Amino acid sequence: MSQRIDFPPQLSINDIIQALKKYSRPAEIETVLLAYEMANNAHANQRRKSGEPYIVHLLATAYILVSMKIDASIVTAAILHDVPEDTTVTIEEIEKNFGADVASMIRGVTKLGKLKYRGVERYIENLRKMFVAMAEDVRVMIIKFADRIHNLSTLQYLEPSKRQRVALESLEIYAPIAHRLGMGEFKGLLEDLAFPYMYPKEYERTIAIRDQLAQDGEGYIDRVIEVVRKELKESGINYIDLHGRKKQLYSFYQKLAKKNWEANKIYDIIALRVIIADIADCYAALGVIHKIWKPLKGRIKDYTAQPKPNGYKSLHTTVFCLDGKAVEFQIRTKEMHYEAEFGVAAHWHYDDSGIKLPAKEIQWAKEFAQIQQDILVNMADLEDLKVDFFKSRIFTFTPKGDVIDLPEDATPVDFAYHIHSEIGNKCSGAKVNDKMVSLDTALQSGDVVEIVVDKNRKTPNGEWLKSVKTHLAKSHIKNRLRANSLKDWFQSFIPTKKKKNTGG
Ligand code: MN
């Protein structure tokens with residue numbers, strides 16, 4: 001029931017290559033090898049908190065992807081994903097060797113790595129949106145999920161406070177996004193790996209219930225499968241696969257918690273998947289199952305005709321099965337099955353014969369823009385931010401990694417006023433991504449902005465009003481200038497000693 005990735009002992013590049021050979025061209029495999037060489041050299045003297053050489057993390061990230069048969073170009077970027085941030089090799093060098101596409105994926109991963117969730121409830125929704133808006137490319141998220149899954153697998157080596165943050169972030173930010181993108185496989189792994197760190201007691205309790213159920217139901221699924229197999233055959237329906245579905249641990253816990261920990265109130269504890277070649281036969285199979293066992297009222301769901309918001313397609317029914325137990329059947333085609341496991345990632349996934357699914361032909365950028373927009377519209381249950389409003393926002397960072405969101409074309413002065421009005425008033429210069437820039441520069445999403453402050457500065461520059469974009473900055477600048485001119489005006493009536501003397 002619990003999900004984990006089984007890494008081979010002494011994971012090496014050969015494990016990756018062997019897996020890639022099943023679905024990639026020799027030239028693609030060659031590129032992955034070159035990426036490995038570059039990463040291995042660049043990270044040569046680095047170690048993980050676990051004491052392992054750093055390269056193990058990159059091999060593990062790649063392994064997660066190849067075990068899901070994800071496209072070799074994504075694997076190439078995954079192996080290099082920590083190089084620009086953690087080594088002396090630059091993104092430009094990567095671009096020179098591996099091309100703009102791989103480099104752009106790595107840039108995306110580096111950007112996302114800067115986003116940190118510090119557990120402030122009211123920011124969750126914004127952060128999820130930010131994550132999606134910033135990723136720009138869904139392949140970046142695929143890499144980031146694999147990266148995070150390996151980090152979660154080795155979480156015990158981090159100090160407790162960091163452990164907590166990573167686990168929380170995975171549950172609250174990463175998993176819901178994976179779910180929204182229809183990536184059931186990633187969602188399950190992220191949740192089940194983070195679960196014991198976030199809710200250790202509930203985790204133990206859930207495991208105990210699961211084990212008890214498994215013990216009670218020993219051999220039950222096999223008996224059901226036998227009956228279904230026979231009936232489908234007699235009805236002349238060809239099925240591709242028939243297997244018991246393992247429920248993901250964390251989602252099982254969520255249901256248990258909702259049902260007062262009474263497992264007998266959960267109707268999909270036992271579930272069977274029937275994978276069938278074509279859609280017409282899916283409905284036929286549904287009829288066959290209903291002929292054998294009586295369906296539960298209100299539990300027949302046709303997600304093929306009306307997919308779930310995340311694109312999930314399947315026929316579902318729950319029946320009073322052998323010994324009167326409730327059993328859920330999920331009937332779907334192979335294509336639907338891949339999409340349910342991999343969601344949008346199915347576009348970069350190969351089936352067992354090494355042939356890409358037809359969906360691959362859909363241009364990812366278009367597809368993703370649609371999904372992105374959809375998420376931005378549908379995920380807002382905390383506030384009703386309009387897409388237009390949101391779409392024209394950019395996300396910038398303080399050097400500490402806190403997110404400052406601003407309207408498009410906002411300047412370092414806007415940024416400064418959003419931190420504090422005094423930072424704005426005393427602002428004298430700005431560094432964007434470590435380079436000095438002029439104060440009217442338009443900031444971009446992902447920029448790290450450092451404001452240079454002149455303590456002696458008394459007033460903002462009136463010229464700033466021409467370039468700032470936020471109401472906040474404008475009103476602060478105007479107020480301060482007005483206050484100063486009033487002060488000057490008043491002071492012009494107060495003869496100063498100096499004036500008096502010179503006048504005399
Ligand atoms: Mn990493």
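The values are calculated or read from the model by the stated rules, or taken from the named source; none is laboratory data. In this text, all values refer to a predicted model and were calculated from it rather than measured experimentally. Using ideal geometry, Cβ is built from the backbone for each residue, glycine included, and neighbour counts are taken over all protein chains shown.
This table checks each residue for (1) within 16 Å of the ligand (Cβ to nearest atom); (2) farther than 15 Å from residue 147 by Cβ.
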residue	(1), (2)
30	no, yes
33	no, yes
41	no, yes
47	yes, yes
64	yes, no
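Regarding region 174-184, can at least one residue be identified that is in a helix (DSSP H, G or I) and within 16 Å of the ligand (Cβ to nearest atom)? Yes: region 174-184 contains one or more residues that are in a helix (DSSP H, G or I) and within 16 Å of the ligand (Cβ to nearest atom). Of the residues making up region 255-270, those that are surrounded by fewer than 19 Cβ atoms within 10 Å (Cβ to Cβ) and closer than 25 Å to residue 306 by Cα number 4. Taking the conditions (1) crowded, with 16+ Cβ neighbours inside 10 Å; (2) among the charged types (D, E, K, R); (3) at negative phi in turn, residue 86 satisfies each one other than (1). In region 421-452, the qualifying residues are those that are at pLDDT below 90 and not small (Gly, Ala, Ser), and the one that is surrounded by the fewest Cβ atoms within 10 Å (Cβ to Cβ) is 434.
Please verify whether residue 203 is surrounded by 18 or more Cβ atoms within 10 Å (Cβ to Cβ), at pLDDT 90 or above and closer than 19 Å to residue 167 by Cα, treating the condition exactly as stated. The answer is yes for residue 203.
Scanning region 403-439 for residues that are among the charged types (D, E, K, R) and farther than 15 Å from residue 452 by Cβ yields a total of 4.
Whether a residue is within 38 Å of the chain's Cα centre (by Cα) and at pLDDT 85 or above was assessed, and residue 467 passes this test. Could you tell me whether any residue of region 453-460 is modelled with pLDDT under 95 and in contact with a Gly (Cβ under 7 Å, 6 or more places away or on another chain)? Yes: region 453-460 contains one or more residues that are modelled with pLDDT under 95 and in contact with a Gly (Cβ under 7 Å, 6 or more places away or on another chain). The requirement of being among the aromatic types (Phe, Trp, Tyr) and more than 16 Å from residue 57 (Cβ to Cβ) is not satisfied by residue 157. Please verify whether residue 142 is modelled with pLDDT under 90 and either surrounded by 19 or more Cβ atoms within 10 Å (Cβ to Cβ) or within 15 Å of the ligand (Cβ to nearest atom) (or both), treating the condition exactly as stated. Answer is yes for this residue.
Could you check, for region 67-78, whether at least one of its residues is touching a His at 6+ places or on another chain (Cβ under 7 Å) and of a type outside the set (A, V, I, L, M)? Yes, there is a match, as at least one residue in region 67-78 is touching a His at 6+ places or on another chain (Cβ under 7 Å) and of a type outside the set (A, V, I, L, M). Restricting the search to helices (runs of 4 or more DSSP H) fully inside region 66-117 and requiring at least 1 residues that are in contact with a helix residue (DSSP H, G or I) (Cβ under 8 Å, 6 or more places away or on another chain), away from the ligand (no atom under 16 Å from the Cβ) and modelled with pLDDT under 95 gives 72-79, 91-113. Only one of the numbered conditions (1) under 30 Å from residue 196 (Cβ atoms); (2) in contact with a Lys or Arg (Cβ under 7 Å, 6 or more places away or on another chain) is violated by residue 11, and that is (2).
For residue 249, are the conditions met, namely being in contact with a Lys or Arg (Cβ under 9 Å, 6 or more places away or on another chain), modelled with pLDDT of 95 or more, closer than 27 Å to residue 146 by Cβ and crowded, with 18+ Cβ neighbours inside 10 Å? Here the answer is no, as residue 249 does not meet what is asked. Among the strands (runs of 3 or more DSSP E) confined to region 281-399, the ones with at least 2 residues that are modelled with pLDDT under 90 are located at 393-397. Scanning region 83-108 for residues that are basic (Lys, Arg) and farther than 13 Å from residue 38 by Cα yields a single hit, 107. When 231, 226 are checked against the criterion of being without any contact (Cβ under 8 Å) to a residue 40 or more places away in the chain, assigned to a helix (DSSP H, G or I), surrounded by fewer than 22 Cβ atoms within 10 Å (Cβ to Cβ) and of a type in the set (Asp, Glu), 226 stands alone in meeting it.
Within region 144-156, residues that are in contact (Cβ under 8 Å) with a residue 12 or more places away in the chain and assigned to a loop (DSSP other than H, G, I, E, B) have Cβ atoms under 6 Å from residues that are among the acidic types (Asp, Glu) and within 11 Å of the ligand (Cβ to nearest atom) in no pair, counting only partners at least 6 apart in sequence or on another chain. Among the residues of region 25-50 satisfying the criterion of being touching a Phe, Trp or Tyr at 6+ places or on another chain (Cβ under 8 Å) and small (Gly, Ala, Ser), which is modelled with the highest pLDDT? Among residues in region 25-50 that are touching a Phe, Trp or Tyr at 6+ places or on another chain (Cβ under 8 Å) and small (Gly, Ala, Ser), the one modelled with the highest pLDDT is 35.
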